[in-house]
């Protein structure tokens, strides 16, 4: 009898729960795949492939991460943790959604190095789930480089400041 009463109560409350839910689905997560071209001291390290994702609150503040692989003779790789602010994230029907970002990087070449990044961009939503991502990002950090005539184990850090234009896709 107890199960029957609980089951009936749940069936009666269910329509009220359904009315409380909105008809729009608010997407909290999105991923991106980006190709990056930039200016750097050695031109090869400025060509990068980027993949990442972020979780965005209804207020537009997000937390994300990226993995970056550079086309470089040093085999540069980077992991980045960023904060985002998406302007107008809660407004429905907006096709153009600008954002700003900043965060910390960990770079790997011969030995790890640390850095930071900041930038701004624009997501142009073509469909409900796919957008074109345009971004300008400045990556600042160190990179360990070994030169052949240096004795083994001696490395120096070259400063790296790569200002890059990124173009790619965002998915949600």
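The values are calculated or read from the model by the stated rules, or taken from the named source; none is laboratory data. Every value quoted in this text rests on a predicted model; they were computed, and no experiment measured them. A quick note on method: Cβ atoms are made from the backbone with ideal geometry, for glycine too, and the neighbour counts reach across all protein chains shown.
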**OP:** Restrict the check to segment 131-143 and report whether at least one residue is farther than 18 Å from residue 31 by Cα, in a strand (DSSP E or B) and at pLDDT 90 or above.
**Re:** no
**OP:** Tell me which residues, restricted to segment 94-104, are assigned to a loop (DSSP other than H, G, I, E, B) and modelled with pLDDT of 85 or more.
**Re:** 95
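Only residues that are over 15 Å from residue 121 (Cβ atoms) and at pLDDT below 90: list them for segment 80-93, please.
Listed by number, the residues that qualify are 90, 91, 92, 93.
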Original post:
What number goes with the only condition from (1) in a strand (DSSP E or B); (2) modelled with pLDDT of 55 or more that residue 157 does not pass?
Top reply: (2)
